[in-house]
Amino acid sequence: MKLVTYRASVEAAARLGVLVDNLVVDVGALATAQGTILPDTMLGLIDAGRSGLDMLRDCLGRAAGRFPAGTATAVDNVRLLAPIPRPRKNIFGIGLNYIEHVAESAKSLDTSKDLPKQPVVFSKPPTTVIGPGDGIEHNKRMTQQLDWEVELAVIIGTTARRVRKEDALSHVFGYSVMIDVSARDNRRAGQWIFSKGQDTYAPFGPCIVTADEIPDPQVLDLWLTLNGV
């Protein structure tokens with residue numbers, strides 16, 4: 001499933017939806033129409049775990065593409081927000097996480113050409129998150145080198161501590177796309193969280209694809225365009 005958070009109008013509250021072809025189906029409204037109860041926020045659905053996803057699939061199956069009035073809207077007529085507009089915790093990222101990026105950073109930032117012996121971990125606070133199409137604030141007094149990198153966002157669905165490598169993906173709720181925006185000229189001074197943690201520095205979405213539809217995330221291709229190029 002492709003899950004979204006959206007507004008049907010400027011004044012409307014944010015709602016949890018699922019993309020079905022060119023429609024956004026209101027999860028809470030569909031459940032009510034079928035006499036059942038489902039969470040109406042993304043965090044609520046994540047908290048509901050596998051049973052919540054199974055109930056949602058059951059609701060969609062019963063509808064069989066024929067959605068009651070008021071439960072589905074054309075995707076072009078809604079505003080898609082970040083799937084999780086305000087995460088509960090910081091977003092954790094792994095820097096220098098593939099060989100080509102290590103080489104690129106060594107050239108532009110005078111860092112080592114060798115792969116890090118341990119993962120380089122950084123974080124971005126919840127206030128960095130914005131939705132697809134929202135504007136990034138560029139404070140030119142702070143940075144003259146605003147940078148952007150497309151990243152695979154992994155949404156953890158269950159509590160995970162001291163997880164074995166072979167069990168790691170069992171904790172994943174789903175996957176999305178995020179842009180890691182950085183003030184590169186400030187990162188040179190070692191200020192990773194300052195460089196990456198400014199408001200609007202994490203465009204996110206538009207949807208979360210549930211993990212059952214992506215059995216091997218390593219085969220995914222990611223790409224980024226700037227001004228259509």
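The values are calculated or read from the model by the stated rules, or taken from the named source; none is laboratory data. Just so we're clear, the structure is a prediction, and the values are computed from it rather than from any experiment. Backbone-built Cβ (ideal geometry, glycine too); neighbour counts: all protein chains shown.
So which residues in region 39-51 are of a type outside the set (A, V, I, L, M) and surrounded by fewer than 18 Cβ atoms within 10 Å (Cβ to Cβ)? Thr41, Gly44, Asp47, Gly49, Arg50, Ser51, listed by residue number. May I ask you to verify whether Thr143 is touching a residue at least 24 places away in the same chain (Cβ under 8 Å), crowded, with 17+ Cβ neighbours inside 10 Å and of a type in the set (Ser, Thr, Tyr)? Spelling it out, Thr143 is indeed touching a residue at least 24 places away in the same chain (Cβ under 8 Å), crowded, with 17+ Cβ neighbours inside 10 Å and of a type in the set (Ser, Thr, Tyr).
Restricting the search to strands (runs of 3 or more DSSP E) fully inside region 128-215 and requiring at least 2 residues that are touching a Gly at 6+ places or on another chain (Cβ under 7 Å) and within 17 Å of Leu3 (Cβ to Cβ) gives 172-183, 208-210.
If you check Asp167 against the conditions, is it more than 21 Å from the chain's Cα centre (by Cα) and modelled with pLDDT of 95 or more? So Asp167 fits the description; yes. Inside region 115-160, residues that are in contact with a strand residue (DSSP E or B) (Cβ under 6 Å, 6 or more places away or on another chain), farther than 19 Å from Arg88 by Cα and polar (S, T, N, Q) make up a count of 1.
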